[in-house]
Structures are given as C-alpha cells and as structure tokens.
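K.L.:
This is the structure I have questions about; it appears just below.
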Amino acid sequence: MRASHRDSDDYRQLLVSDTPLLDTRAPLEFARGAFPTAVNLPLMTDAERHQVGIRYQQAGQQSALELGNSLVAGERKQQRLFAWMAFAGKNPGGYLYCFRGGLRSEIVQAWLREAGVDYPRVLGGYKAMRRFLLEELPQSLTKSRLILISGKAGAGKTRVISALQEAVDLEGLARHRGSAFGGLLRDQPTQIDFENALSIALLKRTAAGRRTFFVEDEGHLIGRLSLPGELRQCMHNAPMLVIEEELRKRVEVVIEDYVIDLGGRFAKTYAGDGPAQHENTLRRGLLKLRKRLGGLLYQQLDEKLADAFQQQRVSGDLSGHRQWIEPLLLQYYDPMYEYQIRQRTGNVLGRGKRAAIMEQARTLSGSR
C-alpha cells in the first residue's frame, strides 16, 4: 500500500501541537489508553477484531485479511468510511493511526484515498508514540526546575496552582482532588491516559522554553492513579513553597470545596437526590479513614457530619460542617502532612499566606 508523502514520525510535533488524531484501533484498545486529541473511529469493532485475531493465529495473515474484508464490507464499510471522511474534513491537519502503524491504518488510509481523501498516518502508530512519551517524561523533568506548592489540607494549594501560569495541575489531569473525599463525579482517566497527558504537558513546557514549573505537593496516589516514579523522585528532592494559613481559614476552604462546590455538582448531576448522594459520598469517604482514625473518633465525626447535613437541609446553615472538618484536620490530616513533609529533602524557599506564596512563585518563575 502506498504511503502518503505527509506520513510522519515526528511525535514531538504531533503531540505538542495538539494535532487531531483519528484512532482506528478497536474500542477496547482505545479505552485502555489513548491521547488527549484522539477520537476513536475504529476499522473493526471489538468482536470483529477478536474474530480476525483468532483467524490470524489459526490460518495466517492472508486468511485474516480476507475475513476482515468480509466483515467490514458493504453498508458497514460505507458507514465507517463516511465517519473517517467527516473527521478528515473537520480536521484537515490531522493524522490517523492504529496500534503499530501497520495494516489497519494502511487500510483506512487506502480506503480514504480511493474516496478522494489523502489523509496522512502516524508511522509506528500508538505504540511508538506511547514509547516516545514514556522516554520523554524523565528527560522533560531533567530539563526543568520543579518547585512544590506545599501546605496543610485546606491551605488552598490548588487555588495557587490554578492561578499560576507556570504550573502543571496534577489533580486536574487526574480529575480528582487527591483526598479520601476528592472524587469529582467524573471518572478518572486510565493510568495510561494520565501518564500520556502529564508527559505531553511537560513536553509543551520544554518546547516553549519554560524551565521552571510548579506542582502541588501530593502523595504517590491521586485517587486511584499513581504518580510516575520519575516524578515522585523529583518531587521528593524538589524545593518547596509552603502555604501557612490559620485553621479557621483552612476550614472555610474545605467547606467551599467539599460542601458548597461538591454539593453543587451533586445537585446538578442527581437533581432532587443530589443532597442525599452528596452526604452519602462524604460519609463513605470518612469510612475509608476509619481504621486510621480509630473507631471512637470515626463514630464522633460521622455523627457530626450527619448532623451538619441535617442542619443544612433544615435551615441552609453550613456552620455545622465546621464541627467535623476542624477535628478531622487537626487529628488526621495535619499529623499526616507533618509526617509527609519530613520525608521531603528539598529546601523550603519560603513560607507564608497564600497571597504571599503566589507572589513569590511568580517571582521565581519570572512571570510577574
């Protein structure tokens, strides 16, 4: 099959420039991992691919190709071809790929060409781009100066990260706030998708010549996603800016994030059942901590949490939430933070209120 003169293996440019990507792999393959700008328009369904795979093992490539051509034919072929043509028309600067840049992407490219559309493909396919991102992640970290935004729970670290141009939002990429209560009513990406998005974010920074960047001080997990080992090691040794806010303000931040904001998300998603779903979710989050809290403290906090929601339902008053949030911070999250920060080996570049830390971060990055 004839290749397009525009076929490319310049993975860096494809990924840094957010090139639209037509992923021709089967849906199951796409679900395991893809790229942020990819759209799955498969050559074969999961079932069709399974049949072809069995035929390949039993009778070889030619027989598998014949079966594939018989499965994807007639109206089925036309429907898929129209979808690919629509994508190409909407994304004239895009590329297509399959797993290894082999038969499936060549077939799609050839069928498009027969229909009058010369659409380029990614040489090496998904596997080559994924390998490139895995290899580039430690190199991007080596080329960069990483600074941690640290501080106790409720200090507003995420607010600082969101306000800094020179920041990589790990929790945003993971679609999770990082605590036992941190789910955001959206499925987290797969581990592979998270790693791909993170590596691309760092590639973009280094490609733009931006060497200093900030991340929020995290444990090794954000929800169910694990930070790559190279990043964890870099964070372990990184210098830190530490936000120090009084307890009252930290409690208010937790109420804003986990009662007001999260409650609004539940209300929007579950309509009339939103408040009950919200309460149940926070109580399940607290239950995850029962072993570490101890049975007595867990029971006390759970009762106060339930009382707070009852008060909120009756009067709209949120003040009852302080009764469970404050002791949870003091007796669980603050000791955990003190332990974790003692494990860090990087220098503390500054301590202060959130506004002061934000200003110092902007000075360090040269973005004032």
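The values are calculated or read from the model by the stated rules, or taken from the named source; none is laboratory data. Quick caveat: nothing in here was measured; it's all calculated off a predicted structure. Positions of Cβ are generated from backbone atoms using ideal geometry, with glycine treated the same way; all protein chains shown enter the neighbour counts. With ligands, DNA and RNA removed, areas are computed over all heavy atoms of the protein, side chains included. Shrake-Rupley method; radii C 1.70, N 1.55, O 1.52, S 1.80 Å.
K.L.:
Can you tell me the orientation of helix 295-315 relative to the chain, as the angle in degrees between its alpha-carbon axis and the longest Cα principal axis, to the nearest 10?
P.N.:
That helix lies at roughly 90 degrees to the long axis.
K.L.:
Modelling each spin label as a point 7 Å along the Cα-to-Cβ direction, I'd like the R145/T345 distance in nm, to one decimal.
P.N.:
For R145 paired with T345, the spin-label model returns 2.0 nm.
K.L.:
Right, next: Considering only A238, A180, A115, give the residue with the highest GNM mean-square fluctuation for the chain, with springs between Cα atoms whenever their separation is below 10 Å.
P.N.:
Of A238, A180, A115, the most mobile in the Gaussian network model is A115.
K.L.:
Return the single residue from E166, E246, E66 with maximal mean-square fluctuation; model: Gaussian network over the chain, springs between Cα atoms under 10 Å.
P.N.:
With Cα springs under 10 Å in the chain, the top fluctuation among E166, E246, E66 is at E66.
K.L.:
Which one, [x] -0.50; [y] -0.67; [z] -0.58, gives log10 I(q)/I(0) by the Debye sum over Cα atoms at q = 0.09 Å⁻¹ as derived from the coordinates shown?
P.N.:
[y]
K.L.:
What is the distance, in nm, between label points placed 7 Å from the Cα along the Cα-to-Cβ direction at R248 and at R113?
P.N.:
7.3 nm
K.L.:
For the charge dipole of the range 81-174, defined by +1 on Lys and Arg C-beta atoms and -1 on Asp and Glu C-beta atoms about the Cα centroid, which residue among V108, L81, T142 has the Cα displaced farthest towards the positive pole?
P.N.:
So the residue we want is T142.
K.L.:
In the range 253-324, if the dipole is taken from +1 on Lys/Arg beta carbons and -1 on Asp/Glu beta carbons about the Cα centre, which of A306, A267, L293 is farthest to the positive end?
P.N.:
L293
K.L.:
While we're on this one: In the P(r) worked out for the range 179-312, what percent of Cα pairs fall beyond 20 Å?
P.N.:
Values: 5480 of 8911 pairs.
I get 61 percent for the Cα pairs in the range 179-312 exceeding 20 Å.
K.L.:
What does the convex hull of the alpha-carbon atoms of the range 291-368 project to on average, in nm²?
P.N.:
Numbers: hull surface 31.9 nm².
Approximately 8.0 nm², given one-decimal rounding.
K.L.:
Could I have the simple spin-label model distance between N237 and E303, label points 7 Å from Cα toward Cβ, reported in nm to one decimal?
P.N.:
Here the answer is 5.1 nm between the modelled labels.
K.L.:
So, one more: Between Rg and the Kirkwood Rh of the range 100-216, both from Cα atoms, what is the Rg to Rh ratio?
P.N.:
Working: Rg = 18.8 Å, Rh = 16.8 Å.
Using Cα coordinates only, the ratio equals 1.11.
K.L.:
Moving on to the next point. Rounded to the nearest 20 debye, what is the charge dipole size of the chain about its Cα centre when +1 sits on each Lys and Arg Cβ and -1 on each Asp and Glu Cβ?
P.N.:
Values: 53 positive and 42 negative charges, 96 e Å.
Charge dipole of the chain: 460 debye, to the nearest 20.
K.L.:
Quick one: of K152/K249; K90/K204; K90/K127; K157/K268; K157/K353, which pairs are farther than 20 Å apart, Cα to Cα? Mind dumping the intermediate values first?
P.N.:
On the way: K152/K249 11 Å; K90/K204 24 Å; K90/K127 25 Å; K157/K268 26 Å; K157/K353 11 Å.
Table pairs above 20 Å Cα-Cα are K90/K204; K90/K127; K157/K268.
K.L.:
Let me make sure I get this right: for the range 1-102, a, b and c are the square roots of the gyration tensor eigenvalues over alpha carbons, sorted descending. Under 1.5 in a/c it's rounded, otherwise prolate if a/b > b/c, else oblate. Which is it?
P.N.:
Values: a/c = 1.84, a/b = 1.64, b/c = 1.12.
It is prolate, given that a/c is not under 1.5 and a/b is the larger ratio.
K.L.:
With the calculation restricted to Cα positions, what are the radius of gyration and Dmax of the range 234-331 in angstrom?
P.N.:
When restricted to Cα atoms, the range 234-331 yields Rg and Dmax of 15.3, 49 Å.
K.L.:
Using Cα positions and a limit of under 16 Å, work out the aspartates and glutamates in reach of K77, with same-chain residues fewer than 8 apart set aside.
P.N.:
Leaving aside aspartates and glutamates fewer than 8 places away in the same chain, those within reach of K77 are D46, E48, E66, E106, E114.
K.L.:
Let me ask something additional. For the chain, what is the accessible area per residue in Å², given a 1.4 Å probe and the full set of protein chains? Write down the numbers at each step before the final one.
P.N.:
Working: 17800 Å² over 368 residues.
Result: 48 Å² of accessible area for each residue.
K.L.:
Roughly how tilted is helix 61-71, in degrees to the nearest 10 and between 0 and 90, from the longest Cα axis of the chain?
P.N.:
So the inclination is approximately 80 degrees.
K.L.:
Roughly how many percent of the accessible protein surface of the chain is carbon and sulfur, given a 1.4 Å probe and a whole-percent answer?
P.N.:
Working: 8880 of 17800 Å².
With neighbouring chains kept in place, the figure for the chain is 50 percent.
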